[in-house]
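Worksheet: one structure, shown below.
FYI, it's all coordinate maths here, none of it is from the lab. Quick caveat, the model's predicted, so the values are computed rather than measured. Every residue, glycine as well, gets a Cβ built from its backbone with ideal geometry; the counts of neighbours run over all protein chains shown.
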Amino acid sequence: MIIEINPENIDSRAINQAVEVLKKGGLVIFPTDSVYAIGCDLYNKKALDKLAKFKDVKLNKANFSIICTGMSDLSKYVKQLDRSIFKLLNNSLPGPFTFILPATPEIPKLFDSNRKDIGIRIPNNPIIIEIVEKLGNPIATTSLKDDTSFLEYHNDPAEIYEHFNENVDLIIDGGYGKLDGTTVVDCTSGAPEIIRQGLGEL
């Protein structure tokens, strides 16, 4: 199923529809401020297993990030940050970044793993932020890579529908996506280190 949501004029009924799919353990493909991504409710174990299966990995080996709505959401999932790292996040988010941060014990419990870090996303995209706000907790997410095409990512919702409709519960058409991913910044060892340069400029 695919639904269209205009980021300039968001239909609350469509947001509610996406939230219901997530609450029922569904997988949703959605736009961000970089590439299209796929995600599920962070607190639905069956959905996390489905997301891992979609990516062809075991859940305890998966490197999923989480999408939060703002800095105030982080304390449950991320250990207390140095002042300089907090300032960096505050100046960069929302934006096309994935910040890898030291995780609280909540993260390994959710992912059945011994993960000591977690990727944090706060995208500058009103559609996914409204969905996460309405859901009431973060979603687990990963980028929508395509191994069958010369392009690493699909950016056309019609193509995304054609390739992935049978494997997911909902696709949100929020217009054309970007072809570049986020900038990934590792902040687990004190000084931030860019491990993948993407759209975000520090």
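Using the structure shown, select from Lys50/Lys87; Lys46/Lys87; Lys50/Lys116 the pairs with a Cα to Cα distance greater than 32 angstrom.
Cα-Cα > 32 Å for Lys50/Lys87; Lys46/Lys87; rest within.
Between the range 152-202 and the range 1-17, how many Å separate their Cα centres?
20
Taking 0.36 nm per residue of separation and subtracting the Cα-Cα distance, what length does fully extending Tyr176 through Lys46 add?
Additional length available on full extension: 43.8 nm.
Restricting to bridges with both residues inside the chain, how much of the DSSP beta-bridge set is antiparallel, in percent to the nearest 5?
Beta bridges within the chain, antiparallel portion: roughly 60 percent.
Using Cα pairs closer than 8 Å and at least 6 residues apart in sequence, work out the relative contact order for the range 2-196, in percent.
34
What's the angle, to the nearest 10 degrees (0 to 90), between helix 45-54's Cα axis and the longest principal axis of the chain?
Between the helix axis and the principal axis of the chain, the angle is about 80 degrees.
Using a simple spin-label model with points 7 Å from Cα along the Cα→Cβ vector, what separation in nm is obtained for Thr188 and Lys87?
Going from the Thr188 label point to the Lys87 one covers 2.5 nm.
For Asp56 and Asp112, compute 0.36 nm times the residue count separating them, minus their Cα-Cα distance, and round to one decimal in nm.
Fully extending the segment from Asp56 to Asp112 adds 18.5 nm.
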